Structure formats: C-alpha cells, structure tokens
Amino acid sequence: MQKYVCIVCGYVYNPEVGDPDNGVQPGTPWQDVPETWVCPLCGVGKDQFEETD
Amino acid sequence: MTSTEIKNDIFWVGAIDWNVRDFHGYSIPSGTSYNAYLVKDQKTVLFDTVKKEFLDTLLLHIGQVVEPEKIDYIVVNHVEMDHSGALPMLIDIVKPEKVICSAMGKRALLAHYHRDDWPYEVVATGDSIDIGSRTIKFIETRMLHWPDSMMSYIPQERLLISQDGFGQHWATSERFDDEVDLGELMYQAKKYFANILMLYSNTVQKLLGEVRSSGVEIDMIAPDHGLIWRSHVGDIVQSYDDWSLHKCKAKALVVYDTMWHSTEMMAMAFAEGLEAEGVSVKVCDLSVSHRADVMTELLDAKAVVFGSSTINNSVLPRVADMLAYMKGLRPAGKIGAAFGSYGWGGEGVKYVAAMLEEMKFEMIDEPLKVVYVPTADDLARCTELGRKIGQAVKESQ
C-alpha cells in the first residue's frame, strides 16, 4: 500500500501500521484515513502529505 | 558576561538578554539567554548562534577563546531565529568549512536566509563526525520543538548539547544549575516545558525511551537557553518524564474572567469546594494572570474549572485568548468544568464547555450558569460542584 510523508516534519504514514494511538487501525489505506486526522508528530492536516516510497 | 569553560576545551560563548520580557506570548519576566557552545579540538566547532542583535556579544565571547575565523564547523541544532539570527553575518566572517544541520534544518535555513551557497552538510540520527579527539553524534529530534530540531552528543565528554530541550528562560550571570536556587530553576524549566513542549509530550516520551535503551551516558546537558545541567541532570530528566506523561498532583485550577464580579464570586465558591476536599487549588483571574503562568500551573493540575461571563453572545476576550493558547498546547488527561454568570443568552459558558470538550477534558456535570448575580443557593451549587470535582481529582491519584 502507498505510504505518505508529511512535508512539514517528515513523519511517514505507513498504512500497514496505521496510527492506532489516534484511532487509525493498521491496514487503513490513506484515502480511508479520516479528514480530521492530523500528523501525530507535528499536527498538520492530511493536505500536507505527499506520496513517498 | 564572559565566555565560560564548561568542560575541558568546551566553552559557553552565548549572550544574555536581560531585558527581553515577551516571547511571542510567553512571558519571560526574568529575561533569557541564547547559549552557543564552542569546542576546541583539531576542528573548532560552534553549536548554534544567538539572536541577530547579539552578534557582537557572540563574537566577543568566541574571541576570548579563539579567533572567530578559526571556526571550522558550525552546527545548527535549531533554526529558530533566536539561535540562527546571527548565522548569516557569522558565516560571512568565519567562512566555515561546513554548516552542519538536519535535512529539515537545511530546508528551514534556506527558507529563512535564502542562501544556497552555504557549505551545508546534512546529517541524520546515527551520523557522527570526528573532530580530533572527540566525536559528535547527531540525534534528530523532529518537533522538539521544530521540524529541524536536533541534538548533538559528545560521548567522550558525556555532554548533550540539547538545543531548546531542557532549557529555561532565565537571564543569569551564573552558568550552571548548582550555582542558582534549585526551586527557581525547576520552576523556570517547568514553565518552559508547559509553554513550548507540552504539545509534543509523546515525542518527548519517545526520545527519553530511545536515550534510555541506547545506554547513552550523560553527565551534562547544555541547552540553548538558561542554565547548564551538571548536578541535577537526573532531576530534570525525571521531571521531563513526569511532565510528558501528564502526571498530575491532587491539584485544581480555577481560571476565570469576570465583568461585574458575579463569575468571580462563583470562582471563589468553586475554590471553597475544592479546598474542602483537600485538593490544592490555584485561582487565576485572567485580568491579572498571564496565560503563560496559567499554563505552568496547569501542567501538573488534574482539573481545570473554567469560567467566563457572557459578553456580546460570546466569551470575554481574555478567556478566548487563554482557551486558544491552551488548546494549541494540547493538555491531556484533564478533568474539566465550565461556569459563568450571564444576563440573557449564556453563550459564553457554552463556548468554554465546548472548547474544553474539544480538548478532550473529562467534563464533570453540565456547565453551571447563573443569571446576573449569584444567590447564596447558586454559590452553594458551585461549592457542591467544586467538591464533586475535588473528589474526582482525588480518585484519579
């Protein structure tokens, strides 16, 4: 599954891992991550992420 | 002030800002310092600089140790302008061989100073450079408290140069933790954590965990502001652990602003109830309490009882200020309640309650509202709710 990187702080969202601390279960693809979710590291929204390897 | 040797051939060469009182909304009544450190080895290395206005002081202090032109490397642990403001002019003077920073640091330096001709060397966690008899290891600490932030560790000296981490805004002629009053020092460190780092508590926890598991030995922490830790390293690390775990005391804050003293009467009645339960209480009238001091008190308080009169169908402006500031700093695990006097609509109290709920406070009861001036019965209800909150605080301990 496609990973996404936060262009502000470099945090990588890996769908296989999700972000369970903030209610995103492992296996959640990027498009299903809620729009209200924010970067767990720096706090910016999904619009600040871009695709990464 | 003069340059100070903090370890053999390692010097504090920063500047003291005695007169600054405000740090974009964080009150610093005791001023601050911008600490820069110089290591003399086969390579001469400078760690961070100072606010632009203090370039001359920095040059004076460096000059007491070496000629500034002898500096080979400048390490930029943190790009914020109180540490990098003097950098462009210093680089012009020194012409260093390397400007060492994180990848995010390079990006931030470019966005600040627009100089792509500097000799950047980008480092990441795990990278190290040899400077002769010493090694510098780099630890990226993204979002502690900017994306560019990193720390530098010199294993041979057991020295952690920690940029803003473990700092305090306190201007002193002393340089070390054991030369000043420890209570005051810990208060300043607490205020710094509450106003700068609270929202990155999870990241602080992760960093402390990594440091613990790596077995890194540290006997001195040299931050970019305030005193250097050498006798109380364990105390400040333990405090960072407690603060970032949101550990609270049996303590409650009553925060309010008031128009004609009605909300204030309610605040005092809440305090009575909390006190009757044996909970430590701090009452903060926002017309005289600075937001930064309220945050400091909030750091280890379990409950926040927040009141506002209603004005123009909203909260009083100082309440809006406090709530916005508080929300940004992301307090966690708190108990909350909202109260206030109003004339007709009572929207102010609802606003306070909604904001506390947004911050995921565990709310005790519905907001307590009183029309115009509270009666003795109304005040008794406030005291009763204060007791209930006090009990919840005690149960959480």
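The values are calculated or read from the model by the stated rules, or taken from the named source; none is laboratory data. In this text, all values refer to a predicted model and were calculated from it rather than measured experimentally. Here Cβ is always computed from backbone atoms with ideal geometry, including for glycine, and neighbour counts include all displayed protein chains.
Got a sec? Which helices (runs of 4 or more DSSP H) wholly within the stretch B:177-268 have at least 3 residues that are at pLDDT below 95?
It comes to B:201-214.
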Return a yes/no flag: does the stretch B:152-160 have any residue that is within 23 Å of A:C42 (Cβ to Cβ) and among the charged types (D, E, K, R). no
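Would you please name the residue that is farthest from the other protein chains (Cβ to nearest Cβ), looking only at residues in the stretch B:128-156 that are part of a loop (DSSP other than H, G, I, E, B) and surrounded by fewer than 16 Cβ atoms within 10 Å (Cβ to Cβ)?
Just the residues of the stretch B:128-156 that are part of a loop (DSSP other than H, G, I, E, B), to begin with: B:131-134, B:141-149.
In the following step, the residues that additionally are surrounded by fewer than 16 Cβ atoms within 10 Å (Cβ to Cβ) were identified as B:132-133.
Numbers: B:G132: 32, B:S133: 33 Å.
If we take residues in the stretch B:128-156 being part of a loop (DSSP other than H, G, I, E, B) and surrounded by fewer than 16 Cβ atoms within 10 Å (Cβ to Cβ), then B:S133 is farthest from the other protein chains (Cβ to nearest Cβ).
Would you call B:G278 on the phi > 0 side of the Ramachandran plot, in the same structural domain as B:L356 (by TED's automatic domain parsing) and either among the hydrophobic types (A, V, I, L, M, F, W, C) or not in a helix (DSSP H, G or I) (or both)? Don't jump to the end; show me each part of the working.
Numbers: on the phi > 0 side of the Ramachandran plot: yes; in the same structural domain as B:L356 (by TED's automatic domain parsing): yes; either among the hydrophobic types (A, V, I, L, M, F, W, C) or not in a helix (DSSP H, G or I) (or both): yes.
When the stated conditions are applied, B:G278 passes them.
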Somewhere in the stretch B:188-203, is a residue under 16 Å from the mean Cα position of the chain (by Cα), away from chain A (no Cβ under 14 Å) and small (G, A, S)? yes
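This table checks each residue for (1) within 17 Å of B:G234 (Cα to Cα); (2) under 19 Å from the mean Cα position of the chain (by Cα).
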| residue | (1), (2) |
| --- | --- |
| B:P147 | no, yes |
| B:M150 | no, yes |
| B:I154 | no, no |
| B:L159 | yes, no |
| B:E179 | yes, no |
| B:L185 | yes, yes |
In the set B:K327, B:K394, the lone residue that is outside any loop (DSSP other than H, G, I, E, B), more than 24 Å from the chain's Cα centre (by Cα) and surrounded by fewer than 19 Cβ atoms within 10 Å (Cβ to Cβ) is B:K394
Test: residue in the stretch A:43-53 that is more than 16 Å from B:T203 (Cα to Cα), within 14 Å of another protein chain (Cβ to nearest Cβ), polar (S, T, N, Q) and part of a strand (DSSP E or B): yes
Among the residues in the stretch A:22-36, are any small (G, A, S), surrounded by 16 or more Cβ atoms within 10 Å (Cβ to Cβ) and within 13 Å of chain B (Cβ to nearest Cβ)? no
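Would you point out which residue out of B:V371, B:V294 is farther than 30 Å from B:Q168 by Cα, in contact with a Phe, Trp or Tyr (Cβ under 9 Å, 6 or more places away or on another chain) and not aromatic (F, W, Y)?
Of B:V371, B:V294, the one residue that is farther than 30 Å from B:Q168 by Cα, in contact with a Phe, Trp or Tyr (Cβ under 9 Å, 6 or more places away or on another chain) and not aromatic (F, W, Y) is B:V371.
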